[in-house]
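Q: Structure below; questions to follow.
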Amino acid sequence: MTPLLEVRNLQTHSNTGNGVVKAVDGVSFDVREGETVAIVGESGSGKSVTAMSVLRLIPNPPGQIVGGEVLFDGEDLLHVQESEMRDIRGNRIAMIFQEPMTSLNPVLTIGRQVGEPIEIHQSLDRKGILEHCIELLRKVRIPDPEKRLHAYPHQFSGGMRQRAMIAMGLACEPRLIIADEPTTALDVTVQAQILELLKEVTRQSTSSLILITHDLGVVARYADRVNVMYAGRIVEHGPAREIYNSPKHPYTIGLMQSIPRLDDNAGSRLVPIGGQPPDMSNPPSGCPFHPRCPNVTDRCREKLPPLSKVNDGHWKACWVDVDAKQ
Amino acid sequence: MQNSSPLLRLTDLKVHFPLPGRLLSRDTGGVVKAVDGVSFEVNAGETLGIVGESGCGKSTTGLAVLRMVDVTGGQIEFAGADITHANRQQMRPIRRGMQMIFQDPYGALDPRMRVRNIVAEPLLAHGIVSRGEELRKQVAGLLDMVGLLPSMAERYPHEFSGGQRQRIGIARALALNPSLIVCDEPVSALDVSIQAQIINLLQDLQKSLNLTYLFIAHDLAVVRHISDRILVMYLGKIVEIANREDLYERPMHPYTKALLSAIPVPSPDVEANRDHELLEGEVPSPINPPSGCPFHPRCPSAMPDCATRAPALTEHNGHSVACHLYD
């Protein structure tokens with residue numbers, strides 16, 4: 001079965017005052033029908049730029065997709081007309097952004113915004129759109145949808161705004177939803193509500209979900225497969241269980257050791273990753289993680305490691321066999 | 001220096017903010033009870049964690065301790081002295097003993113000042129040393145203490161990463177050799193791989209300098225890691241205080257239980273067997289808080305009594321909780 005989305009060797013660069021920043025530097029991953037794929041990484045790792053590139057939402061200048069393929073249903077989105085792209089965005093692929101505060105238009109009612117994708121992509125009359133909106137708001141459990149339709153974003157709480165964003169994303173029953181840090185701005189108890197909602201609605205509609213986050217707990221709970229990004233590249237990917245139970249890239253291992261967990265030995269010392277994240281306008285030679293890596297060898301300083309197979313479905317970009325090291 | 005009296009004691013602290021009234025109206029607009037009757041003690045050398053969701057009053061409590069907001073009622077005692085009504089002049093020497101580390105390492109440092117001057121500022125402002133060799137040495141020592149190179153003193157904040165900036169903020173807080181440091185979300189703006197560096201640094205400094213921390217954060221895993229005792233707040237009130245073990249192993253308040261249940265553990269195996277008890281709704285507006293127990297509209301165990309009568313904080317074997325389930 002061919003995957004729903006296949007990203008091949010995606011390269012997105014940004015022209016800054018300090019030269020070219022390779023924000024996404026040869027990223028490949030795929031998303032199958034109905035599954036949840038996580039992209040994890042820290043700020044500047046290129047996870048959001050990857051997502052924006054899939055939808056060709058990279059502002060140019062300064063950004064530019066300079067290479068690769070984004071195959072959605074077999075069609076390369078990097079080579080379709082802009083008009084066709086508009087037909088895909090919000091319709092077959094929807095995006096849910098981090099900041100429900102700034103991603104909603106403050107001067108339009110919630111109903112108007114949730115209804116917009118329907119209005120654009122489906123031939124429904126006013127009454128039909130209205131009914132569909134109410135149904136969507138009900139689906140994301142916004143209470144009293146008939147009335148709330150006429151409210152403005154500022155009259156909604158953070159969680160309710162994110163529900164409205166999800167309703168908007170679901171409007172045209174997309175095959176793929178990209179959620180970029182969907183709960184980062186929300187309180188803990190609301191975060192749990194929104195993630196459960198997202199899981200439930202994607203399961204109901206059998207759409208696929210790309211979950212972009214820095215929260216390893218969220219990934220563990222919701223993702224089927226995981227891509228770990230560092231400095232514009234995927235350094236490890238595989239099934240979630242594998243990545244957590246036997247990570248093979250020193251960066252993934254470092255991340256797992258550096259976070260305090262609710263079920264660890266309280267008061268034990270954390271093992272941080274040394275050093276600082278790379279300056280992307282002047283990235284290190286060879287493997288971009290080598291200046292922070294505990295297993296660094298001469299080869300790592302000189303040559304960029306390609307993704308190599310650990311076992312079926314589990315890949316890592318590292319020259320060193322971490323298991324032999326321990 | 002083990003003292004029998006606590007380093008910090010808050011008694012029935014209230015911080016209310018007036019809301020703007022309507023123009024040409026007698027309507028005064030009411031008040032937001034950001035902190036409403038909070039009492040706790042912090043002993044020298046310990047870390048008290050304060051957790052809660054946005055609007056619970058945890059940051060305002062921290063600011064009130066430093067007298068950086070006006071206190072509406074109650075009492076703040078620091079090192080045995082009542083500082084509730086100390087004026088600006090009286091506060092100056094007291095503030096040498098209490099410092100703050102802020103959340104946003106970008107906003108907390110003046111972009112036009114060299115690191116040298118940022119770290120030296122408190123020393124000069126309090127007239128501890130004057131400019132010259134001694135000051136330069138002290139700044140170098142402080143930078144070294146937080147893991148920065150003395151040569152970095154000549155740089156500006158924008159030349160540093162988030163984690164390094166937080167180190168500069170910590171160096172500045174340590175300059176006056178304080179006994180209490182209020183840490184307001186000190187790691188939440190940092191990347192995961194950097195958080196651990198700063199947490200370890202804070203723990204090391206606490207040990208070597210016998211510091212006392214009031215550690216305010218929303219991340220319960222981080223708070224569990226660093227705190228000896230933890231206080232949970234909801235809408236301006238304390239709902240539970242206990243030592244770390246008790247709070248995390250045997251949470252009593254339904255809100256604490258829900259908070260702990262809402263956080264996913266970074267392990268797919270654990271998560272597969274874990275039920276998340278979802279709370280209904282969101283934190284209500286502190287402008288118009290619910291009657292009785294402020295948590296009752298979202299509480300899965302709410303009883304009729306909860307809507308009318310506010311529960312008092314009561315102690316059960318050193319574990320205090322404000323909930324009618326334990327009356």
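Q: Count the net charge of all other residues whose Cβ sits under 13 Å from the Cβ of A:Gln276, scoring Lys and Arg as +1 and Asp and Glu as -1.
A: Details: positive: A:Arg292, B:Arg165, B:Arg167; negative: A:Glu42, A:Asp279, B:Glu159, B:Asp191.
Residues near A:Gln276 contribute -1 overall.
Q: Moving on to the next point. Can you flag which of B:Lys33/B:Lys257; A:Lys139/A:Lys199; A:Lys127/A:Lys147; B:Lys33/B:Lys58 are past 22 Å Cα-Cα? Show your work: numbers first, answer last.
A: Working: B:Lys33/B:Lys257 25 Å; A:Lys139/A:Lys199 13 Å; A:Lys127/A:Lys147 15 Å; B:Lys33/B:Lys58 12 Å.
Pairs exceeding the cut-off: B:Lys33/B:Lys257.
Q: Next question, about the same structure. From the C-alpha gyration tensor of the stretch B:3-105, pull out the three semi-axes of the equivalent ellipsoid (sqrt of 5λ each), sorted largest to smallest, in whole Å. It would help to have the intermediate numbers written out before the result.
A: Working: eigenvalues 148, 51, 37 Å².
The answer is 27, 16, 14 Å, longest axis first.
Q: Suppose we take every Cα in the stretch A:1-72 and form the convex hull; what volume per residue is that in Å³?
A: 81
Q: Further question: What is the mean number of Cβ atoms from other protein chains located within 10 Å of the Cβ atom of each residue in peptide B:220-227, rounded to a whole number?
A: Values: counts 3, 8, 3, 1, 7, 11, 4, 2.
Going residue by residue through B:220-227 and averaging, the value is 5.
Q: Something else about it: Taking all protein chains as present, what is the carbon and sulfur share of the accessible area of the stretch A:61-198, in % to the nearest whole number, probe 1.4 Å?
A: On the way: 3150 of 6330 Å².
Accessible surface attributable to carbon and sulfur in the stretch A:61-198 totals 50 percent.
Q: Something else: Go through the stretch B:125-137 residue by residue and turn each phi into a ³J(HN,Hα) via Karplus (6.51, -1.76, 1.60, θ = phi - 60°); whole Hz please, and just put x for glycine and proline.
A: My calculation for the stretch B:125-137 gives 4, 9, x, 7, 10, 9, 4, x, 4, 4, 5, 4, 5 Hz in order.
Q: Still on this structure, I have one more. So if I average 1/r over every pair of distinct C-alpha atoms in the stretch B:49-164 and take the inverse, what Kirkwood radius in Å does that give? Show your work: numbers first, answer last.
A: Working: mean 1/r = 0.0604 Å⁻¹.
One decimal place: 16.5 Å for the Kirkwood radius.
Q: Relative contact order of chain B, please, whole-number percent, based on alpha carbon pairs below 8 angstrom and at least 6 residues apart.
A: Working: 591 pairs, mean separation 64.6, N = 327.
RCO, chain B: 20 percent.
Q: If you take the charge dipole of the stretch A:126-194 about its Cα centre, with +1 on Lys and Arg Cβ and -1 on Asp and Glu Cβ, which of A:His150, A:Val190, A:Ile178 is farthest toward its positive end?
A: A:His150
Q: To continue, here is another question. Give the residue from A:Met160, B:Leu135, A:Thr102 lying farthest towards the positive end of the charge dipole for the protein assembly as shown; charges sit on Cβ (+1 for Lys and Arg, -1 for Asp and Glu) and the dipole is referred to the Cα centre.
A: The listed residue farthest towards the positive side: B:Leu135.
Q: Moving on to the next point. Each residue of the stretch A:46-56 in turn: what ³J(HN,Hα) in whole Hz from Karplus with 6.51, -1.76, 1.60 and θ = phi - 60°, glycine and Pro shown as x?
A: Here the 3J(HN,Hα) series is x, 5, 5, 5, 4, 5, 5, 5, 4, 8, 6 Hz.
Q: What is the Cα coordinate range of the protein assembly as shown on the first, second and third principal axes, sorted by size from largest, in whole angstrom?
A: In descending order, the Cα extents are 73, 65, 51 Å.
Q: Against the longest alpha carbon principal axis of chain A, how many degrees, from 0 to 90 and to the nearest 10, is the axis of helix A:188-205 turned?
A: Here the helix axis deviates by roughly 80 degrees.
Q: Counting only C-alpha contacts under 8 Å and six or more residues apart, can you give the relative contact order of the stretch B:115-259 as a whole percent? Can you show the working numbers first?
A: Numbers: 149 pairs, mean separation 24.4, N = 145.
So the answer I get is 17 percent.
Q: Also: For the stretch B:284-323, which semi-axes, largest first and in whole Å, follow from the square roots of 5 times the eigenvalues of its Cα gyration tensor?
A: Values: eigenvalues 81, 27, 16 Å².
Taking √(5λ) for each eigenvalue gives 20, 12, 9 Å, largest first.
Q: Using +1 on the beta carbon of Lys and Arg, -1 on that of Asp and Glu, and nothing else charged, what's the dipole of the protein assembly as shown about the Cα centre, debye to 20?
A: Numbers: 66 positive and 75 negative charges, 307 e Å.
Roughly 1480 debye for the protein assembly as shown.
Q: Let me know the shape class of the stretch B:201-256, please: from the alpha-carbon gyration tensor, a ≥ b ≥ c as square roots of the eigenvalues, rounded when a/c is under 1.5, otherwise prolate if a/b is greater than b/c, or oblate.
A: Values: a/c = 2.44, a/b = 1.91, b/c = 1.28.
Cα axes put the stretch B:201-256 in the prolate bin.
Q: Leaving out ligands, DNA and RNA, and with a 1.4 Å probe, what % of the accessible surface on chain B is carbon or sulfur? Each step should come with its number before you reach the end.
A: Details: 7110 of 14520 Å².
Solvent-exposed carbon and sulfur of chain B make up 49 percent of the total.
Q: Cα extents of the stretch B:72-125 along the three principal axes, largest first, in whole Å?
A: 38, 24, 17
Q: What stretch of chain B, leaving out the sites themselves, is the longest with no trypsin sites (Lys or Arg not before Pro) in a DSSP loop having at most 11 other Cβ atoms within 10 Å? Before the final figure, lay out each step's value.
A: Details: sites that count: B:Arg22, B:Arg26, B:Arg112, B:Arg131.
It works out to B:132-327.
Q: Taking one equal scatterer on every alpha-carbon of chain B, how large is log10 of I(q)/I(0) by Debye at q = 0.08, 0.14 1/Å?
A: Calculated log10 I(q)/I(0) at the listed q: -0.41, -1.16.
Q: Here's another thing I want to ask about it. For the stretch A:196-268 and the stretch B:232-282, what is the separation of their Cα centres, given in Å?
A: A separation of 21 Å, based on Cα centres.
Q: Also, quick follow-up: Given B:Leu325, B:Val71, B:Thr308, which one lies farthest toward the positive end of the charge dipole of chain B, if we put +1 on the Cβ of every Lys and Arg and -1 on the Cβ of every Asp and Glu?
A: Farthest towards the positive end: B:Val71.
Q: I'd like the projected area of the stretch A:144-198, averaged over all directions, using the convex hull of its alpha carbons. Report it in nm² with one decimal. Could the numbers behind the result be given before it?
A: On the way: hull surface 17.3 nm².
That works out to 4.3 nm², a quarter of the Cα hull's surface.
Q: Further, regarding this structure: With +1 on each Lys and Arg Cβ and -1 on each Asp and Glu Cβ, and nothing else charged, work out how big the dipole of the stretch B:235-277 is about its Cα centre, in Debye to the nearest 20. Walk me through the intermediate numbers first.
A: Values: 5 positive and 8 negative charges, 44 e Å.
It works out to roughly 200 debye.
Q: Find the percent of Cα-Cα distances in the stretch A:46-169 that exceed 21 Å, and round it to a whole number.
A: Working: 3509 of 7626 pairs.
Percent of Cα pairs beyond 21 Å in the stretch A:46-169: 46.
Q: Moving on to the next point. In the calculated pair distance distribution of the stretch A:182-326, what percentage of Cα-Cα distances lie above 24 Å? All intermediate terms of the calculation are to be shown ahead of the outcome.
A: On the way: 4211 of 10440 pairs.
More than 24 Å apart: 40 percent of the Cα pairs in the stretch A:182-326.
Q: Tabulate in residue order the Karplus-calculated ³J(HN,Hα) for the stretch A:77-84, using 6.51 cos²θ - 1.76 cosθ + 1.60 with θ = phi - 60°, rounded to whole Hz; enter x for Gly and Pro.
A: Coupling constants for the stretch A:77-84: 5, 6, 10, 8, 5, 4, 5, 6 Hz.
Q: Taking K and R as +1 and D and E as -1, what net charge do the other residues with C-beta under 10 Å from the C-beta of A:Val188 add up to?
A: Working: positive: none; negative: A:Asp187, B:Glu53, B:Asp219.
With Lys, Arg at +1 and Asp, Glu at -1, the net is -3.
Q: If you bin every alpha carbon distance in the stretch A:19-108 into 10 Å steps from zero, what whole percent lands in each bin?
A: 13, 44, 36, 7
Q: Here is a follow-up. In Å², and per residue, what accessible area does the stretch B:2-134 have when probed at 1.4 Å with the other protein chains present?
A: Values: 7020 Å² over 133 residues.
Counting only protein heavy atoms, the per-residue value for the stretch B:2-134 is 53 Å².
Q: A further question on this structure: Label-point separation (nm) for A:Thr184 and A:Arg112, each offset 7 Å from Cα along Cα-to-Cβ?
A: Going by the 7 Å Cα→Cβ label model, 2.9 nm.
Q: Within the protein assembly as shown, what percent of beta bridges assigned by DSSP are antiparallel, to the nearest 5?
A: Values: 57 of 93 bridges.
About 60 percent, rounded to the nearest 5.
Q: Right, next: For a test of the definition: using alpha carbon positions, the gyration tensor, and the 1.5 limit on a/c, classify the stretch A:176-232 as rounded, prolate or oblate.
A: oblate
Q: Considering every pair of different Cα atoms, what Kirkwood radius, in Å, is found for the stretch A:76-127?
A: Values: mean 1/r = 0.0782 Å⁻¹.
It is 12.8 Å.
Q: With +1 on each Lys and Arg Cβ and -1 on each Asp and Glu Cβ, how big is the dipole of the stretch A:262-312 about its Cα centre, in debye rounded to the nearest 20? Let's see the in-between values first.
A: Numbers: 6 positive and 6 negative charges, 43 e Å.
In debye, rounded to 20, the stretch A:262-312 gives about 200.
Q: Among DSSP beta bridges whose residues both lie in chain A, state the antiparallel percentage, nearest 5.
A: Numbers: 30 of 49 bridges.
That works out to approximately 60 percent antiparallel.
Q: For the stretch B:204-327, how big is the tail of P(r) above 21 Å, as a whole percent of Cα pairs? Intermediate results must be reported in sequence, preceding the final value.
A: On the way: 3463 of 7626 pairs.
Of all Cα-Cα pairs in the stretch B:204-327, 45 percent lie more than 21 Å apart.
Q: Sticking with this structure for a sec: So if we plug the beta-carbon distance of B:Asp305 and B:Met113 into 1/(1 + (r/R0)^6) with R0 = 51 Å, what FRET efficiency do we get, rounded to 0.05?
A: Values: r = 56 Å, r/R0 = 1.10.
E between B:Asp305 and B:Met113, to the nearest 0.05, is 0.35.
Q: Can you quote the Å³ per residue value for the convex hull of the Cα atoms in the stretch A:123-249, rounded to an integer?
A: Values: hull volume 16.3 nm³, N = 127.
That works out to 128 Å³ per residue.
Q: Angle between the Cα long axis of helix A:158-170 and the longest principal axis of chain A, 0 to 90 degrees, nearest 10?
A: Between the helix axis and the principal axis of chain A, the angle is about 80 degrees.
Q: Ok, one more. Counting DSSP beta bridges in chain B, what percent are antiparallel, to the nearest 5?
A: Values: 27 of 44 bridges.
Around 60 percent antiparallel, to the nearest 5.
Q: Per q in 0.17, 0.18, 0.23 1/Å, what log10 I(q)/I(0) does a Debye calculation on the alpha-carbon atoms of the stretch B:92-150 return?
A: For the requested q values the scattering log ratios are -0.65, -0.73, -1.15.
Q: Continuing with the same structure: Ignoring solvent entirely, what values of log10 I(q)/I(0) come out of the Debye formula for chain A at 0.11 Å⁻¹ when each Cα is a single scatterer?
A: Here the Debye-derived log intensity ratios amount to -0.74.
Q: Also, I was wondering about something else. Over both sides of the B-A contact, add up the buried accessible area with a 1.4 Å probe and give it to the nearest 100 Å². Present the calculation step by step, with values, prior to reporting the outcome.
A: Numbers: alone 16500 and 16230 Å², together 28820 Å².
Heavy-atom accessible area buried at this interface is about 3900 Å².
Q: Report, please, the projected area of the stretch B:169-271 averaged over directions, based on the convex hull of its C-alpha atoms, in nm².
A: Details: hull surface 30.9 nm².
If you wrap the Cα atoms of the stretch B:169-271 in a convex hull and average its projections, you get 7.7 nm².
Q: In whole Å and largest first, what semi-axes does the C-alpha gyration tensor of the stretch B:240-298 yield when each eigenvalue is scaled by 5 and square-rooted?
A: Values: eigenvalues 130, 51, 14 Å².
Its equivalent ellipsoid spans semi-axes of 25, 16, 8 Å.
Q: For A:Ser246, what charge total do you get from the other residues with a beta carbon under 13 Å from its beta carbon, if Lys and Arg give +1 and Asp and Glu give -1? Don't skip to the answer; put the middle values down first.
A: On the way: positive: A:Arg241, A:Lys248, A:Lys316; negative: A:Glu236, A:Glu242, A:Asp321, A:Asp323, B:Asp269.
With Lys, Arg at +1 and Asp, Glu at -1, the net is -2.
The values are calculated or read from the model by the stated rules, or taken from the named source; none is laboratory data. Keep in mind that this is a model prediction, so the values were computed, not measured. Note that each Cβ is placed from the backbone with ideal geometry, even for glycine, and that neighbours are counted across all protein chains shown. Side chains included, ligands, DNA and RNA excluded: accessible areas come from the protein's heavy atoms. Shrake-Rupley method; radii C 1.70, N 1.55, O 1.52, S 1.80 Å.
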